[in-house]
Amino acid sequence: MKLIKSLLLGSAAGFAAVAGAQAADLPMTKAAPVDYVRVCSVHGAGFFYIPGSDTCIKLAGRVRAEFMYQQPLNNGLGQGRNRDATGFRGRGQLDVDARTSSEWGTVRAYFRFQLTRDSGAFRASYDGPQGSSTNSNLDKAFIQFAGITAGVAQSFFDFYASAANFASAPGTSMGSDAGNTQLLAYTATFGQGFSATIAIEDRNQRNVTAGAGVGRGYYAVAGERMPDVVAALRVDQGWGSAQLSGAVRQLNASTIYGDQNFGSRVDTEWGYAIQAGVKINLPALAAGDALWLQAAYAEGGLNYLGISGPSLGTYNSSYIPTADAVLINGQLEKTKGWNVLGNFIHYWTPSLRSTLFGSFWQVDYGSKVTNNTVFRDYKIYQGGSALIWSPVKAMDIGVEVLYARFDPSRRWNDSVYQKSSEDQWQGRIRFQRDF
(Lines give C-alpha, C1' and ligand atoms only; values in the text may rest on other atoms or scores of the structure.)
Protein backbone atom coordinates (compact mmCIF):
# COMPACT_ATOMS: atom_id res chain seq x y z
CA MET A 1 0.00 0.00 0.00
CA LYS A 2 2.83 2.33 0.83
CA LEU A 3 4.34 1.65 -2.59
CA ILE A 4 1.08 2.33 -4.41
CA LYS A 5 0.51 5.55 -2.40
CA SER A 6 4.01 6.77 -3.22
CA LEU A 7 3.48 6.10 -6.94
CA LEU A 8 0.17 8.06 -6.97
CA LEU A 9 1.62 11.07 -5.16
CA GLY A 10 4.61 11.08 -7.47
CA SER A 11 2.41 11.00 -10.56
CA ALA A 12 0.30 13.88 -9.28
CA ALA A 13 3.40 15.93 -8.58
CA GLY A 14 4.67 15.26 -12.08
CA PHE A 15 1.45 16.32 -13.73
CA ALA A 16 1.45 19.50 -11.63
CA ALA A 17 5.00 20.32 -12.68
CA VAL A 18 4.24 19.80 -16.37
CA ALA A 19 1.07 21.90 -16.16
CA GLY A 20 2.96 24.65 -14.37
CA ALA A 21 5.66 24.68 -17.04
CA GLN A 22 3.10 24.90 -19.81
CA ALA A 23 1.26 27.71 -18.01
CA ALA A 24 4.52 29.61 -17.70
CA ASP A 25 4.85 29.53 -21.49
CA LEU A 26 1.41 31.20 -22.02
CA PRO A 27 1.28 35.04 -22.44
CA MET A 28 0.13 36.92 -19.32
CA THR A 29 -2.92 39.22 -19.73
CA LYS A 30 -4.29 41.88 -17.36
CA ALA A 31 -7.85 43.07 -16.99
CA ALA A 32 -8.45 46.48 -18.56
CA PRO A 33 -8.49 49.19 -15.91
CA VAL A 34 -11.94 50.57 -15.11
CA ASP A 35 -12.15 54.38 -15.32
CA TYR A 36 -14.79 55.03 -12.71
CA VAL A 37 -16.74 58.30 -12.59
CA ARG A 38 -15.19 60.40 -9.85
CA VAL A 39 -16.66 63.30 -7.90
CA CYS A 40 -15.08 66.66 -8.71
CA SER A 41 -15.23 68.85 -5.62
CA VAL A 42 -12.95 71.58 -7.00
CA HIS A 43 -15.78 73.48 -8.70
CA GLY A 44 -18.56 72.86 -6.20
CA ALA A 45 -21.34 70.37 -5.57
CA GLY A 46 -22.77 68.32 -8.41
CA PHE A 47 -19.64 68.19 -10.61
CA PHE A 48 -17.91 64.97 -11.67
CA TYR A 49 -14.94 64.20 -13.88
CA ILE A 50 -15.62 63.18 -17.45
CA PRO A 51 -14.00 59.68 -17.62
CA GLY A 52 -10.57 59.88 -19.21
CA SER A 53 -10.47 63.68 -18.89
CA ASP A 54 -9.47 66.37 -16.42
CA THR A 55 -12.69 68.31 -17.24
CA CYS A 56 -15.47 68.44 -14.67
CA ILE A 57 -19.09 68.57 -15.79
CA LYS A 58 -22.40 69.27 -14.10
CA LEU A 59 -25.77 68.34 -15.58
CA ALA A 60 -28.87 70.08 -14.29
CA GLY A 61 -32.29 71.09 -15.49
CA ARG A 62 -35.81 72.20 -14.74
CA VAL A 63 -39.40 71.32 -15.55
CA ARG A 64 -42.02 74.02 -15.16
CA ALA A 65 -45.81 73.98 -15.54
CA GLU A 66 -47.88 77.18 -15.36
CA PHE A 67 -51.46 78.29 -15.64
CA MET A 68 -52.23 81.98 -16.19
CA TYR A 69 -55.23 84.27 -16.15
CA GLN A 70 -54.67 87.64 -17.82
CA GLN A 71 -57.44 90.21 -18.00
CA PRO A 72 -58.11 90.80 -21.74
CA LEU A 73 -57.54 94.31 -23.05
CA ASN A 74 -59.22 95.88 -26.05
CA ASN A 75 -57.35 96.58 -29.24
CA GLY A 76 -60.08 98.77 -30.62
CA LEU A 77 -63.80 98.84 -30.00
CA GLY A 78 -65.28 95.45 -29.11
CA GLN A 79 -62.05 93.48 -29.50
CA GLY A 80 -61.59 92.48 -25.87
CA ARG A 81 -63.78 89.39 -26.20
CA ASN A 82 -61.64 88.17 -29.09
CA ARG A 83 -58.64 87.57 -26.84
CA ASP A 84 -57.69 84.57 -24.72
CA ALA A 85 -57.88 85.29 -21.00
CA THR A 86 -56.28 82.02 -19.88
CA GLY A 87 -53.24 80.07 -21.00
CA PHE A 88 -51.10 77.06 -20.18
CA ARG A 89 -47.31 76.64 -20.33
CA GLY A 90 -45.01 73.64 -20.09
CA ARG A 91 -41.23 74.07 -20.18
CA GLY A 92 -38.29 71.70 -20.07
CA GLN A 93 -34.77 73.04 -19.51
CA LEU A 94 -31.32 71.45 -19.69
CA ASP A 95 -28.18 73.05 -18.20
CA VAL A 96 -24.66 71.80 -18.98
CA ASP A 97 -21.67 73.31 -17.17
CA ALA A 98 -18.13 72.08 -18.06
CA ARG A 99 -15.04 73.42 -16.26
CA THR A 100 -11.33 72.70 -16.48
CA SER A 101 -8.58 74.03 -14.21
CA SER A 102 -5.60 75.58 -15.99
CA GLU A 103 -2.69 77.92 -15.40
CA TRP A 104 -5.00 80.69 -16.68
CA GLY A 105 -7.62 79.85 -14.12
CA THR A 106 -10.87 77.98 -14.74
CA VAL A 107 -11.93 77.46 -18.35
CA ARG A 108 -15.72 77.23 -18.46
CA ALA A 109 -18.23 76.30 -21.16
CA TYR A 110 -21.93 76.58 -20.32
CA PHE A 111 -25.19 76.27 -22.20
CA ARG A 112 -28.89 76.26 -21.35
CA PHE A 113 -31.49 74.95 -23.76
CA GLN A 114 -35.25 75.29 -23.32
CA LEU A 115 -38.30 73.76 -24.97
CA THR A 116 -41.57 75.53 -24.25
CA ARG A 117 -45.15 74.75 -25.18
CA ASP A 118 -47.56 77.68 -24.80
CA SER A 119 -51.26 78.14 -25.37
CA GLY A 120 -53.80 80.92 -25.12
CA ALA A 121 -52.75 84.07 -23.27
CA PHE A 122 -49.12 82.92 -23.06
CA ARG A 123 -48.84 83.19 -26.83
CA ALA A 124 -50.10 86.74 -27.40
CA SER A 125 -51.77 89.63 -25.68
CA TYR A 126 -53.89 90.57 -28.67
CA ASP A 127 -55.90 88.52 -31.16
CA GLY A 128 -57.24 85.13 -30.19
CA PRO A 129 -57.99 82.32 -29.82
CA GLN A 130 -54.31 81.41 -30.09
CA GLY A 131 -54.15 77.62 -29.85
CA SER A 132 -50.85 75.94 -28.85
CA SER A 133 -47.30 76.15 -30.15
CA THR A 134 -43.91 74.69 -29.21
CA ASN A 135 -40.72 76.70 -29.50
CA SER A 136 -37.06 76.18 -28.64
CA ASN A 137 -34.69 78.68 -27.10
CA LEU A 138 -30.91 78.73 -26.67
CA ASP A 139 -31.07 80.75 -23.48
CA LYS A 140 -27.34 80.59 -22.69
CA ALA A 141 -24.23 79.46 -24.59
CA PHE A 142 -20.96 81.05 -23.50
CA ILE A 143 -17.27 80.42 -22.82
CA GLN A 144 -15.39 82.02 -19.92
CA PHE A 145 -11.61 82.15 -19.92
CA ALA A 146 -9.12 84.42 -18.13
CA GLY A 147 -11.81 87.04 -17.42
CA ILE A 148 -13.34 86.85 -20.92
CA THR A 149 -17.01 85.96 -21.47
CA ALA A 150 -18.00 85.26 -25.08
CA GLY A 151 -21.32 83.97 -26.42
CA VAL A 152 -24.95 84.19 -25.29
CA ALA A 153 -25.24 85.32 -21.67
CA GLN A 154 -27.02 87.70 -19.30
CA SER A 155 -26.35 91.32 -20.18
CA PHE A 156 -23.73 92.85 -17.90
CA PHE A 157 -25.97 95.92 -17.61
CA ASP A 158 -28.59 93.87 -15.74
CA PHE A 159 -28.74 93.56 -11.95
CA TYR A 160 -32.11 92.56 -10.47
CA ALA A 161 -33.27 90.88 -13.72
CA SER A 162 -36.59 89.53 -12.34
CA ALA A 163 -34.76 87.56 -9.66
CA ALA A 164 -37.82 86.96 -7.47
CA ASN A 165 -41.00 87.73 -9.47
CA PHE A 166 -42.72 85.34 -11.87
CA ALA A 167 -43.88 87.80 -14.50
CA SER A 168 -44.52 91.40 -15.46
CA ALA A 169 -47.02 93.48 -17.40
CA PRO A 170 -47.18 92.88 -21.18
CA GLY A 171 -44.35 94.64 -22.99
CA THR A 172 -42.29 95.13 -19.82
CA SER A 173 -40.05 93.38 -17.34
CA MET A 174 -39.49 94.63 -13.78
CA GLY A 175 -36.19 96.11 -14.93
CA SER A 176 -33.61 95.40 -17.58
CA ASP A 177 -33.60 91.61 -18.09
CA ALA A 178 -31.76 90.62 -21.28
CA GLY A 179 -30.91 87.06 -20.32
CA ASN A 180 -29.84 85.77 -23.74
CA THR A 181 -27.71 88.56 -25.15
CA GLN A 182 -24.94 87.98 -27.70
CA LEU A 183 -21.88 89.64 -26.19
CA LEU A 184 -18.11 89.78 -25.72
CA ALA A 185 -16.92 91.00 -22.33
CA TYR A 186 -13.89 91.24 -20.07
CA THR A 187 -14.20 91.23 -16.27
CA ALA A 188 -11.37 92.25 -13.95
CA THR A 189 -11.55 91.16 -10.31
CA PHE A 190 -9.85 93.18 -7.57
CA GLY A 191 -10.41 91.07 -4.45
CA GLN A 192 -12.87 91.47 -1.58
CA GLY A 193 -15.73 90.94 -4.03
CA PHE A 194 -15.05 93.96 -6.27
CA SER A 195 -15.08 93.61 -10.06
CA ALA A 196 -15.35 95.73 -13.21
CA THR A 197 -16.64 94.69 -16.64
CA ILE A 198 -16.49 96.21 -20.10
CA ALA A 199 -18.60 94.56 -22.81
CA ILE A 200 -19.88 94.95 -26.34
CA GLU A 201 -23.44 93.63 -26.68
CA ASP A 202 -25.82 93.06 -29.59
CA ARG A 203 -27.81 96.23 -30.24
CA ASN A 204 -30.47 94.36 -32.21
CA GLN A 205 -31.87 92.83 -29.01
CA ARG A 206 -32.40 96.25 -27.44
CA ASN A 207 -34.26 98.13 -30.20
CA VAL A 208 -37.67 99.47 -29.22
CA THR A 209 -39.46 100.78 -32.30
CA ALA A 210 -43.00 101.75 -33.17
CA GLY A 211 -44.83 99.55 -35.62
CA ALA A 212 -45.29 100.47 -39.25
CA GLY A 213 -48.32 102.50 -40.10
CA VAL A 214 -48.46 104.62 -36.94
CA GLY A 215 -48.12 107.78 -38.99
CA ARG A 216 -45.81 110.73 -38.82
CA GLY A 217 -42.64 110.12 -36.84
CA TYR A 218 -42.07 106.46 -37.58
CA TYR A 219 -38.56 105.52 -38.65
CA ALA A 220 -36.87 102.30 -39.73
CA VAL A 221 -33.81 101.39 -37.68
CA ALA A 222 -30.74 101.13 -39.90
CA GLY A 223 -28.37 98.17 -39.85
CA GLU A 224 -26.17 97.77 -36.80
CA ARG A 225 -22.97 99.75 -37.38
CA MET A 226 -21.66 99.12 -33.90
CA PRO A 227 -22.87 97.14 -30.89
CA ASP A 228 -23.92 98.67 -27.60
CA VAL A 229 -21.03 99.34 -25.21
CA VAL A 230 -21.74 98.36 -21.60
CA ALA A 231 -19.65 98.94 -18.47
CA ALA A 232 -20.34 97.84 -14.91
CA LEU A 233 -18.79 98.14 -11.43
CA ARG A 234 -19.93 95.48 -8.98
CA VAL A 235 -19.34 94.30 -5.40
CA ASP A 236 -20.46 91.00 -3.86
CA GLN A 237 -19.93 90.54 -0.12
CA GLY A 238 -21.60 88.92 2.86
CA TRP A 239 -24.05 91.80 3.34
CA GLY A 240 -25.28 91.55 -0.26
CA SER A 241 -24.43 93.01 -3.67
CA ALA A 242 -24.40 96.36 -5.45
CA GLN A 243 -23.82 97.43 -9.04
CA LEU A 244 -23.47 100.61 -11.08
CA SER A 245 -23.81 100.07 -14.84
CA GLY A 246 -24.05 102.15 -17.98
CA ALA A 247 -24.58 101.66 -21.71
CA VAL A 248 -23.99 103.72 -24.85
CA ARG A 249 -25.79 102.90 -28.10
CA GLN A 250 -25.97 104.16 -31.65
CA LEU A 251 -29.30 105.33 -33.06
CA ASN A 252 -29.48 105.52 -36.85
CA ALA A 253 -32.38 105.50 -39.30
CA SER A 254 -32.38 104.03 -42.78
CA THR A 255 -35.39 105.83 -44.27
CA ILE A 256 -38.01 108.36 -43.27
CA TYR A 257 -41.72 107.58 -43.49
CA GLY A 258 -44.81 109.68 -43.17
CA ASP A 259 -45.13 113.25 -44.36
CA GLN A 260 -41.38 113.85 -44.51
CA ASN A 261 -38.79 113.39 -47.26
CA PHE A 262 -38.92 109.69 -48.08
CA GLY A 263 -35.48 108.07 -48.26
CA SER A 264 -33.47 110.98 -46.87
CA ARG A 265 -30.40 110.26 -44.77
CA VAL A 266 -30.65 110.98 -41.04
CA ASP A 267 -27.62 111.84 -38.92
CA THR A 268 -26.58 109.37 -36.23
CA GLU A 269 -27.56 110.07 -32.63
CA TRP A 270 -26.21 108.48 -29.46
CA GLY A 271 -28.42 107.06 -26.75
CA TYR A 272 -27.42 105.96 -23.29
CA ALA A 273 -28.65 104.40 -20.05
CA ILE A 274 -27.41 104.31 -16.47
CA GLN A 275 -28.52 102.07 -13.62
CA ALA A 276 -27.79 101.56 -9.93
CA GLY A 277 -28.94 98.57 -7.90
CA VAL A 278 -28.43 97.05 -4.48
CA LYS A 279 -29.38 93.73 -2.89
CA ILE A 280 -29.31 93.62 0.91
CA ASN A 281 -29.33 90.28 2.71
CA LEU A 282 -31.53 90.31 5.83
CA PRO A 283 -30.64 87.19 7.85
CA ALA A 284 -31.74 88.93 11.05
CA LEU A 285 -35.34 88.56 9.84
CA ALA A 286 -34.99 85.02 8.50
CA ALA A 287 -32.45 82.96 6.59
CA GLY A 288 -32.76 83.80 2.89
CA ASP A 289 -34.55 87.15 3.35
CA ALA A 290 -33.41 89.87 0.95
CA LEU A 291 -34.37 93.31 -0.35
CA TRP A 292 -33.66 94.52 -3.92
CA LEU A 293 -33.74 98.22 -4.85
CA GLN A 294 -32.93 99.54 -8.34
CA ALA A 295 -33.28 102.70 -10.43
CA ALA A 296 -32.45 103.46 -14.08
CA TYR A 297 -32.57 106.37 -16.52
CA ALA A 298 -32.32 106.22 -20.32
CA GLU A 299 -32.35 108.46 -23.38
CA GLY A 300 -32.81 106.54 -26.61
CA GLY A 301 -32.67 103.13 -24.90
CA LEU A 302 -36.03 102.21 -23.35
CA ASN A 303 -35.20 98.49 -23.25
CA TYR A 304 -32.60 99.26 -20.58
CA LEU A 305 -35.55 100.28 -18.41
CA GLY A 306 -37.32 96.96 -19.00
CA ILE A 307 -39.63 98.20 -21.79
CA SER A 308 -39.55 95.75 -24.68
CA GLY A 309 -42.18 97.25 -26.97
CA PRO A 310 -45.67 98.70 -27.02
CA SER A 311 -46.73 98.48 -23.42
CA LEU A 312 -49.92 97.99 -21.47
CA GLY A 313 -53.05 99.63 -22.76
CA THR A 314 -55.82 99.48 -25.30
CA TYR A 315 -54.48 102.26 -27.44
CA ASN A 316 -50.80 102.09 -26.54
CA SER A 317 -50.46 99.14 -28.91
CA SER A 318 -52.51 100.76 -31.68
CA TYR A 319 -52.51 104.51 -31.26
CA ILE A 320 -49.80 105.42 -28.72
CA PRO A 321 -46.72 103.53 -29.89
CA THR A 322 -43.38 103.26 -28.09
CA ALA A 323 -40.04 104.06 -29.72
CA ASP A 324 -36.46 104.82 -28.65
CA ALA A 325 -36.50 107.87 -30.92
CA VAL A 326 -38.87 109.68 -33.25
CA LEU A 327 -38.10 111.46 -36.53
CA ILE A 328 -39.16 115.10 -36.52
CA ASN A 329 -38.14 117.36 -39.39
CA GLY A 330 -35.40 114.97 -40.43
CA GLN A 331 -33.89 114.75 -36.94
CA LEU A 332 -33.94 111.93 -34.41
CA GLU A 333 -35.58 113.07 -31.19
CA LYS A 334 -34.54 110.67 -28.41
CA THR A 335 -37.16 109.33 -26.01
CA LYS A 336 -36.44 109.78 -22.31
CA GLY A 337 -37.55 107.51 -19.50
CA TRP A 338 -36.80 106.28 -16.01
CA ASN A 339 -37.72 103.35 -13.82
CA VAL A 340 -37.56 102.41 -10.13
CA LEU A 341 -38.29 99.03 -8.58
CA GLY A 342 -38.20 97.15 -5.31
CA ASN A 343 -38.66 93.52 -4.30
CA PHE A 344 -38.68 91.98 -0.84
CA ILE A 345 -38.54 88.24 -0.20
CA HIS A 346 -39.32 86.77 3.22
CA TYR A 347 -39.11 83.16 4.45
CA TRP A 348 -41.89 82.43 6.92
CA THR A 349 -40.45 78.94 7.34
CA PRO A 350 -37.57 77.22 5.47
CA SER A 351 -40.17 75.80 3.06
CA LEU A 352 -42.60 78.76 2.78
CA ARG A 353 -41.70 82.19 1.40
CA SER A 354 -43.46 85.20 -0.06
CA THR A 355 -42.49 88.14 -2.25
CA LEU A 356 -43.74 91.71 -2.46
CA PHE A 357 -42.67 93.79 -5.44
CA GLY A 358 -43.44 96.98 -7.32
CA SER A 359 -42.14 99.06 -10.20
CA PHE A 360 -42.81 102.44 -11.83
CA TRP A 361 -41.93 103.75 -15.32
CA GLN A 362 -42.24 107.16 -16.86
CA VAL A 363 -41.68 107.71 -20.60
CA ASP A 364 -41.39 111.23 -22.00
CA TYR A 365 -41.25 112.42 -25.61
CA GLY A 366 -40.14 115.92 -26.54
CA SER A 367 -42.71 118.62 -27.22
CA LYS A 368 -41.91 118.40 -30.93
CA VAL A 369 -42.89 114.74 -30.87
CA THR A 370 -46.20 115.01 -29.05
CA ASN A 371 -47.34 117.87 -31.28
CA ASN A 372 -49.56 116.50 -34.07
CA THR A 373 -48.27 112.90 -33.82
CA VAL A 374 -49.64 109.69 -32.35
CA PHE A 375 -46.93 109.54 -29.68
CA ARG A 376 -47.86 110.33 -26.06
CA ASP A 377 -46.00 110.46 -22.77
CA TYR A 378 -47.10 107.74 -20.37
CA LYS A 379 -46.58 106.14 -16.99
CA ILE A 380 -46.83 102.50 -15.90
CA TYR A 381 -47.47 101.37 -12.35
CA GLN A 382 -47.02 97.75 -11.36
CA GLY A 383 -47.20 95.75 -8.14
CA GLY A 384 -47.66 92.17 -7.07
CA SER A 385 -47.04 89.43 -4.56
CA ALA A 386 -46.36 85.70 -4.58
CA LEU A 387 -46.60 82.87 -2.07
CA ILE A 388 -44.31 79.91 -2.73
CA TRP A 389 -44.22 76.54 -0.97
CA SER A 390 -41.33 74.08 -1.30
CA PRO A 391 -42.66 70.74 -0.02
CA VAL A 392 -39.41 68.99 -0.95
CA LYS A 393 -35.95 70.22 -1.86
CA ALA A 394 -35.68 71.91 -5.28
CA MET A 395 -39.45 71.92 -5.88
CA ASP A 396 -41.71 74.99 -5.79
CA ILE A 397 -45.46 75.40 -5.90
CA GLY A 398 -46.40 79.04 -6.12
CA VAL A 399 -49.18 81.50 -6.88
CA GLU A 400 -48.59 85.13 -7.94
CA VAL A 401 -50.99 88.04 -8.40
CA LEU A 402 -50.00 91.11 -10.42
CA TYR A 403 -51.69 94.47 -10.96
CA ALA A 404 -50.59 96.97 -13.63
CA ARG A 405 -51.88 100.38 -14.67
CA PHE A 406 -51.10 102.25 -17.87
CA ASP A 407 -51.58 106.00 -17.64
CA PRO A 408 -50.99 108.03 -20.84
CA SER A 409 -51.09 111.77 -21.24
CA ARG A 410 -54.05 113.05 -23.25
CA ARG A 411 -54.69 116.21 -25.21
CA TRP A 412 -58.05 117.93 -25.56
CA ASN A 413 -58.49 116.73 -29.16
CA ASP A 414 -57.70 113.06 -28.51
CA SER A 415 -60.37 110.62 -29.71
CA VAL A 416 -63.00 109.77 -27.10
CA TYR A 417 -62.22 106.04 -27.22
CA GLN A 418 -58.74 106.72 -25.88
CA LYS A 419 -59.44 106.25 -22.21
CA SER A 420 -57.49 108.16 -19.57
CA SER A 421 -55.96 104.94 -18.19
CA GLU A 422 -56.04 101.17 -18.45
CA ASP A 423 -55.87 98.60 -15.64
CA GLN A 424 -55.01 94.92 -15.81
CA TRP A 425 -54.96 92.02 -13.37
CA GLN A 426 -52.91 88.89 -13.89
CA GLY A 427 -52.62 85.67 -11.89
CA ARG A 428 -50.31 82.65 -12.23
CA ILE A 429 -50.01 79.23 -10.66
CA ARG A 430 -46.59 77.62 -11.06
CA PHE A 431 -45.21 74.15 -10.41
CA GLN A 432 -41.44 73.90 -10.78
CA ARG A 433 -38.96 71.09 -10.20
CA ASP A 434 -35.19 71.65 -10.46
CA PHE A 435 -32.72 68.78 -10.65
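Pull up the range 202-220, narrow it to residues that are modelled with pLDDT of 80 or more and open to solvent by 40 Å² or more (accessible area, probe 1.4 Å), then point me to the one that is nearest to ASN371 (Cα to Cα).
ASN207
What tally of residues in the range 268-293 results from selecting those that are open to solvent by 20 Å² or more (accessible area, probe 1.4 Å) and of a type outside the set (A, V, I, L, M)?
Counting residues in the range 268-293 that are open to solvent by 20 Å² or more (accessible area, probe 1.4 Å) and of a type outside the set (A, V, I, L, M) gives 9.
Restricting attention to the range 180-187, does a residue exist that is in a loop (DSSP other than H, G, I, E, B) and surrounded by 16 or more Cβ atoms within 10 Å (Cβ to Cβ)?
Yes, the range 180-187 contains at least one residue that is in a loop (DSSP other than H, G, I, E, B) and surrounded by 16 or more Cβ atoms within 10 Å (Cβ to Cβ).
It is to be established whether one or more residues within the range 247-255 are modelled with pLDDT of 80 or more, closer than 29 Å to GLY384 by Cβ, open to solvent by less than 50 Å² (accessible area, probe 1.4 Å) and in contact with a strand residue (DSSP E or B) (Cβ under 7 Å, 6 or more places away or on another chain).
Yes; the residues of the range 247-255 include at least one that is modelled with pLDDT of 80 or more, closer than 29 Å to GLY384 by Cβ, open to solvent by less than 50 Å² (accessible area, probe 1.4 Å) and in contact with a strand residue (DSSP E or B) (Cβ under 7 Å, 6 or more places away or on another chain).
Assess whether TRP412 counts as being at pLDDT below 95, assigned to a loop (DSSP other than H, G, I, E, B) and open to solvent by 50 Å² or more (accessible area, probe 1.4 Å).
When the stated conditions are applied, TRP412 passes them.
Filtering the range 105-120 down to residues that are more than 20 Å from the chain's Cα centre (by Cα) and under 16 Å from ARG91 (Cβ atoms), which residue is surrounded by the fewest Cβ atoms within 10 Å (Cβ to Cβ)?
So, considering only residues that are more than 20 Å from the chain's Cα centre (by Cα) and under 16 Å from ARG91 (Cβ atoms), the one surrounded by the fewest Cβ atoms within 10 Å (Cβ to Cβ) is SER119.
Would you call ALA404 at pLDDT 95 or above, open to solvent by less than 20 Å² (accessible area, probe 1.4 Å) and either of a type in the set (Phe, Trp, Tyr) or under 23 Å from the mean Cα position of the chain (by Cα) (or both)?
No, not satisfied.
Residue by residue through the range 217-228, note down the ones that are over 19 Å from the mean Cα position of the chain (by Cα) and either of a type in the set (A, V, I, L, M) or not in a loop (DSSP other than H, G, I, E, B) (or both).
Of everything in the range 217-228, those that are over 19 Å from the mean Cα position of the chain (by Cα) and either of a type in the set (A, V, I, L, M) or not in a loop (DSSP other than H, G, I, E, B) (or both) turn out to be TYR219, ALA220, VAL221, ALA222, MET226.
Conditions (1) out of contact with any strand residue (DSSP E or B) (no Cβ under 6 Å at 6 or more places or on another chain); (2) outside any loop (DSSP other than H, G, I, E, B), marked per residue:
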| position | (1), (2) |
| --- | --- |
| PRO129 | yes, no |
| ASP139 | no, yes |
| GLN144 | no, yes |
| VAL152 | no, yes |
| PHE156 | no, no |
| PHE159 | no, no |
| ALA164 | no, no |
| PRO170 | yes, no |
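Can you say whether TYR378 is out of contact with any helix residue (DSSP H, G or I) (no Cβ under 6 Å at 6 or more places or on another chain) and under 25 Å from GLY277 (Cα atoms), as far as the supplied structure shows?
It is true that TYR378 is out of contact with any helix residue (DSSP H, G or I) (no Cβ under 6 Å at 6 or more places or on another chain) and under 25 Å from GLY277 (Cα atoms).
Can we say SER318 is surrounded by fewer than 24 Cβ atoms within 10 Å (Cβ to Cβ), modelled with pLDDT of 95 or more and among the polar types (S, T, N, Q)?
no
In this structure, does ALA199 turn out to be over 30 Å from ILE397 (Cβ atoms), among the hydrophobic types (A, V, I, L, M, F, W, C), open to solvent by 20 Å² or more (accessible area, probe 1.4 Å) and assigned to a strand (DSSP E or B)?
Here the answer is no, as ALA199 does not meet what is asked.
Inside the range 294-315, can you point out the residues that are closer than 30 Å to LYS279 by Cα, at pLDDT below 90, open to solvent by less than 10 Å² (accessible area, probe 1.4 Å) and not small (Gly, Ala, Ser)?
Once the filter is applied, which keeps residues that are closer than 30 Å to LYS279 by Cα, at pLDDT below 90, open to solvent by less than 10 Å² (accessible area, probe 1.4 Å) and not small (Gly, Ala, Ser), the range 294-315 yields only LEU312.
Hey, could you check the range 341-362 for residues that are buried (at least 16 other Cβ atoms within 10 Å of the Cβ) and among the β-branched types (Val, Ile, Thr) and say which is nearest to ASP377 (Cα to Cα)?
Only one residue tops the list, namely THR355.
Please enumerate the residues belonging to the range 144-167 that are open to solvent by less than 20 Å² (accessible area, probe 1.4 Å) and not aliphatic (A, V, I, L, M).
Correct list: THR149, SER155, PHE157, ASP158, TYR160, ASN165.
Do we have any residue at all in the range 84-95 that's more than 18 Å from the chain's Cα centre (by Cα), modelled with pLDDT under 95 and buried (at least 17 other Cβ atoms within 10 Å of the Cβ)?
Checking the range 84-95: at least one residue is more than 18 Å from the chain's Cα centre (by Cα), modelled with pLDDT under 95 and buried (at least 17 other Cβ atoms within 10 Å of the Cβ).
The values are calculated or read from the model by the stated rules, or taken from the named source; none is laboratory data. This is a predicted model, so every value here is computed, not measured. Positions of Cβ are generated from backbone atoms using ideal geometry, with glycine treated the same way; all protein chains shown enter the neighbour counts. Remember, those area values only see protein heavy atoms, side chains included, never the ligands or the DNA or RNA. Shrake-Rupley method; radii C 1.70, N 1.55, O 1.52, S 1.80 Å.
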